[in-house]
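Chemist: Let me give you the structure first, and then I'll get to my questions.
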Amino acid sequence: MNTQVDVENVDVVIKPSMVPAHQGWQTSLCDCFGDGCESFCLSAWFPWLSISCIGEIVDQGSTEWCCICFIYLIAAYFGVWWAYAGWYRGKLRAQYGLPESPLPDCLTHLFCHWCALAQEHRELAARGYNVLNGWDGRPQVAAVPPPSRSAPAVQAPMRR
């Protein structure tokens, strides 16, 4: 009896309790170029994309990135982008047990928005996420198919 496992269609939900707790953030707020320019440049040039990818991961795929982006742009229009981004920073901190530093979440985004987005990006990347892919870039647990119980196929000898 052969059983096959469809590895491509397996969804893995990562709960905060499954992620090892750390003493604090992986990188500091001012370590903007700790990964080269990827996180900071994305956050500085395209903050709506950065917060969308981070938010989709924090919400574990329950909110589409385009909805997060739309709400961020509306919040930016009314000048409260820092409150919306700070809310997601608080959710990220709660999931991973991170300290609220150097300032409260909303104030961190108000005074140093790009650096805060870059730090959140680096934090998720350090935890194995491909942040630019949002929730689809989450770490995958490899499913190992059960060993085959049938004998291996014998190849026919080569002929000229």
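The values are calculated or read from the model by the stated rules, or taken from the named source; none is laboratory data. Remember, predicted model here, so these are calculated numbers, not experimental data. Reconstructed Cβ throughout: ideal geometry from the backbone, glycine too, with neighbour counts over all protein chains shown.
Chemist: State whether one or more residues within region 18-35 are β-branched (Val, Ile, Thr), under 16 Å from the mean Cα position of the chain (by Cα) and assigned to a helix (DSSP H, G or I).
Modeler: Within region 18-35, none of the residues are β-branched (Val, Ile, Thr), under 16 Å from the mean Cα position of the chain (by Cα) and assigned to a helix (DSSP H, G or I).
Chemist: Assuming VAL80 fulfils every condition listed in (1) within 17 Å of TRP135 (Cα to Cα); (2) β-branched (Val, Ile, Thr); (3) over 17 Å from the mean Cα position of the chain (by Cα) apart from one, which condition is it?
Modeler: The number of the failed condition is (1).
Chemist: List every residue pair whose Cβ atoms lie under 6 Å apart, where the two residues are 6 or more positions apart in sequence or sit on different chains, the first residue falls within region 127-138 and is under 22 Å from LEU98 (Cα atoms), and the second residue, located anywhere, is crowded, with 17+ Cβ neighbours inside 10 Å and of a type in the set (D, E, K, R).
Modeler: The qualifying pairs are TYR129/ARG138; GLY134/GLU56; TRP135/GLU56.
Chemist: Here's another thing I want to ask about it. Residue check: is ARG93 under 20 Å from the mean Cα position of the chain (by Cα), buried (at least 20 other Cβ atoms within 10 Å of the Cβ), part of a helix (DSSP H, G or I) and among the basic types (Lys, Arg)?
Modeler: no
Chemist: Listed residues TRP87, TRP45; which is surrounded by 13 or more Cβ atoms within 10 Å (Cβ to Cβ), farther than 15 Å from VAL131 by Cα and at pLDDT 90 or above?
Modeler: Every option except TRP87 fails the conditions.
Chemist: Mind telling me which of the residues CYS66, CYS115, CYS53 ends up being surrounded by fewer than 18 Cβ atoms within 10 Å (Cβ to Cβ) and in a helix (DSSP H, G or I)?
Modeler: Exactly one residue qualifies, and that residue is CYS66.
Chemist: Condition (residue is touching a Cys at 6+ places or on another chain (Cβ under 7 Å) and either at pLDDT below 70 or assigned to a helix (DSSP H, G or I) (or both)) applied to region 142-159: is it met by at least one residue?
Modeler: Checked against the condition, which is being touching a Cys at 6+ places or on another chain (Cβ under 7 Å) and either at pLDDT below 70 or assigned to a helix (DSSP H, G or I) (or both), region 142-159 yields no hits at all.
Chemist: Then there's this: Confirm whether GLY79 is free of Cβ contacts under 8 Å to residues at least 24 places away in the same chain and at positive phi.
Modeler: Yes: the conditions hold for GLY79.
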